[in-house]
Ligand SMILES: [Ca+2]
Ligand SMILES: [Ca+2]
């Protein structure tokens, strides 16, 4: 019997030691006296000191846990999301480095007067494109007035000019030869000519193939040369290939190939007894 009583006392002492009162260990608020809260396993007169002391999405405001929808705050640490702005939690803090443009939070820092544009929150004088009389090159505002086609380059005045180093293909396509040489047949005793075209570019002569016995030869023979070489003067001749020698149909003469020929992409060369056509394409 004494033993039971002693055990009872020990039990009561242990219970008293684990029971809550101010400053005592606890696991939940129900372990603490009325009006006190279990904070950090100690019964306390305040409900919370940080948001971490509150359960769920509530946060700690003035040492009291309040639901997120309250949106009231004292400092940024009171806000689960965003910053504390004028006593209310806001997801974003507006940032205006200047007096225009977006504030970074969906709002505006202001707008600029006419003739000014907003660049990084600052109003700067607007730029007027300068493309009058220009077809290429800078527009003076960081943009372009246009670009030049292949074989051309933009000059300082903003116009597309032939690129001196561009490589072109002059294709001698077809020709036409007169029926006779002042009444005499081209070949003895009455045959048709066997025409070929020779071009001399940079004083280097190159000839097409020969087309036998025709007044309407088709060659489609390509000559390759730079703009500079072509513009410095091309000499052309048409010959009739005879058995032992070349008979002249058009004697060698300087043909002038100008800007319009390059633009048009074709040219025609004619003399008294014949002619030929050519195309001009950038390679
Ligand atoms: Ca002949
Ligand atoms: Ca012949």
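Return the residues of segment 166-191 that are part of a strand (DSSP E or B), more than 18 Å from residue 210 (Cα to Cα) and within 16 Å of ligand 2 (Cβ to nearest atom); say none if nothing qualifies. The answer is 181, 184. Residues that are at pLDDT 75 or above, over 30 Å from residue 45 (Cα atoms) and surrounded by 14 or more Cβ atoms within 10 Å (Cβ to Cβ) within segment 61-104 comprise 94, 96, 98, 100, 101, 102, 103, 104, listed in sequence order.
Could you check, for segment 167-178, whether at least one of its residues is in contact (Cβ under 8 Å) with a residue 60 or more places away in the chain, exposed (fewer than 13 other Cβ atoms within 10 Å of the Cβ) and within 30 Å of residue 276 (Cα to Cα)? Within segment 167-178, none of the residues are in contact (Cβ under 8 Å) with a residue 60 or more places away in the chain, exposed (fewer than 13 other Cβ atoms within 10 Å of the Cβ) and within 30 Å of residue 276 (Cα to Cα).
Among residues belonging to segment 222-244 that are within 14 Å of ligand 2 (Cβ to nearest atom) and either modelled with pLDDT under 95 or under 42 Å from the mean Cα position of the chain (by Cα) (or both), point out the one that is surrounded by the fewest Cβ atoms within 10 Å (Cβ to Cβ). Filtering segment 222-244 for residues that are within 14 Å of ligand 2 (Cβ to nearest atom) and either modelled with pLDDT under 95 or under 42 Å from the mean Cα position of the chain (by Cα) (or both), the one surrounded by the fewest Cβ atoms within 10 Å (Cβ to Cβ) comes out as 244.
What tally of residues in segment 113-124 results from selecting those that are within 28 Å of the chain's Cα centre (by Cα) and in a loop (DSSP other than H, G, I, E, B)? Here the count works out to 3. Taking the criterion of being touching a helix residue (DSSP H, G or I) at 6+ places or on another chain (Cβ under 8 Å) and either within 12 Å of ligand 2 (Cβ to nearest atom) or assigned to a loop (DSSP other than H, G, I, E, B) (or both), the only residue of segment 195-215 that qualifies is 202.
When you look at residue 149, is it surrounded by 18 or more Cβ atoms within 10 Å (Cβ to Cβ), more than 16 Å from ligand 2 (Cβ to nearest atom) and outside any strand (DSSP E or B), yes or no? Answer is no for this residue.
Considering segment 252-262, the residues that are surrounded by 13 or more Cβ atoms within 10 Å (Cβ to Cβ) and free of Cβ contacts under 8 Å to residues at least 24 places away in the same chain include one that is farthest from ligand 1 (Cβ to nearest atom), namely 261. Restricting segment 263-283 to residues that are outside any strand (DSSP E or B) and more than 37 Å from the chain's Cα centre (by Cα), the residue that is surrounded by the most Cβ atoms within 10 Å (Cβ to Cβ) is 273.
So that you can scan it fast, the table gives a plain yes or no per residue for (1) more than 22 Å from residue 180 (Cβ to Cβ); (2) out of contact with any strand residue (DSSP E or B) (no Cβ under 8 Å at 6 or more places or on another chain):
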{"residue": "231", "(1), (2)": "yes, no"}
{"residue": "238", "(1), (2)": "no, no"}
{"residue": "244", "(1), (2)": "no, yes"}
{"residue": "257", "(1), (2)": "yes, no"}
{"residue": "260", "(1), (2)": "yes, yes"}
{"residue": "265", "(1), (2)": "yes, no"}
{"residue": "273", "(1), (2)": "no, no"}
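The values are calculated or read from the model by the stated rules, or taken from the named source; none is laboratory data. The model shown is predicted, which means the values in this text are computed figures rather than measured ones. In this analysis, Cβ positions are derived from the backbone assuming ideal geometry, glycine residues included, and neighbour counts consider all displayed protein chains.
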